[in-house]
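A short write-up of the structure that comes next.
FYI, it's all coordinate maths here, none of it is from the lab. Since this is a predicted model, take the numbers as computed values, not measurements. Ideal geometry is used to build each Cβ from the backbone, glycine not excepted, and the neighbour counts take in all protein chains shown.
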Amino acid sequence: MSIKADRWIKRMALEHNMIEPFEDGQVRRGVISFGTSSYGYDIRVADEYKIFTNVYSAIVDPKHFDPNSMVDYQGEVCIIPPNSFALARTVEYFRIPRNILTICVGKSTYARCGIIVNVTPFEPEWEGYVTLEISNTTPLPAKIYSFEGIAQVLFFEGDEDCEVSYADKKGKYQYQQSIELPKL
């Protein structure tokens, strides 16, 4: 990047409406931080969750995922059972330009508690709310705070536009409005 990274993110967010709502600067007062960081953007988790449950002794199958394996929950905090996971979505809506690819990594505050956040890359021209996978790797229940930081998005700008974007492929997770379960 030829300009200061945080200014680049702000410019991209404003010119391309890339992140909405966009927090210009890092919010830290009494919360797990979110907003613009040095080389990325710290995203927030919304208050909507799908918590994995094994009440029905289902087999986790990405080709035939059973929605009964998840319990819907909404609240200011989410408790993830020991050695389990939850799906959630971001507060922020993303519109990724054709020459940008992102990688998303979990925040260290959660990682130090055994909570791992997994998100696949946001491909060029992908758009929507991000579905987050939050794993509790500990033998204890884990607390997630809604509307606070959960992960950091890192942006990579190509020298030219990609040949085939996510929109060109008509990707199955394009324009997500809520938490999306696996699709084939």
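The table below lists the values:
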| item | result |
| --- | --- |
| Order of VAL105, VAL31 - criterion: other Cβ atoms within 10 Å of each residue's Cβ, fewest first | VAL31, VAL105 |
| Qualifying trypsin sites (Lys or Arg not before Pro) in segment 79-143, DSSP loop, other Cβ atoms within 10 Å at most 14 | ARG112 |
| Computed FRET value (nearest 0.05) for ASP72 with VAL31, which takes r as the C-beta separation and R₀ as 35 Å | 0.90 |
| 3J(HN,Hα) from dihedral phi, segment 50-62, Karplus parametrisation 6.51/-1.76/1.60, rounded to Hz, x for glycine, proline | 10, 9, 5, 9, 10, 4, 9, 6, 6, 9, 7, 10, x |
| Relative contact order [Cα under 8 Å, 6+ residues apart], the chain, whole percent | 26 |
| Overall form of the chain per C-alpha gyration tensor (a/c, 1.5; a/b vs b/c) | oblate |
| Longest segment of the chain lacking GluC sites (Glu not before Pro) that sit in a DSSP loop with at most 10 other Cβ atoms within 10 Å | 77-159 |
| In segment 1-63, the trypsin sites (Lys or Arg not before Pro) that fall in loop regions by DSSP, at most 16 other Cβ within 10 Å | LYS4, ARG28, ARG29, LYS63 |
| Length added when fully stretched, ILE103-ARG7, from 0.36 nm per residue minus Cα-Cα | 32.7 nm |
| Rounded to 10°, Cα long-axis angle of helix 5-15 versus longest principal axis of the chain | 90 |
| Net charge contributed by nearby residues that have their C-beta within less than 10 Å of GLN152 (K/R +1, D/E -1) | 0 |
| Given charges at beta-carbon only (K, R positive; D, E negative), |dipole| of segment 29-150 in Debye | 320 |
| Inter-label distance, nm, simple model (7 Å from Cα along the C-beta direction), SER57/VAL164 | 4.3 |
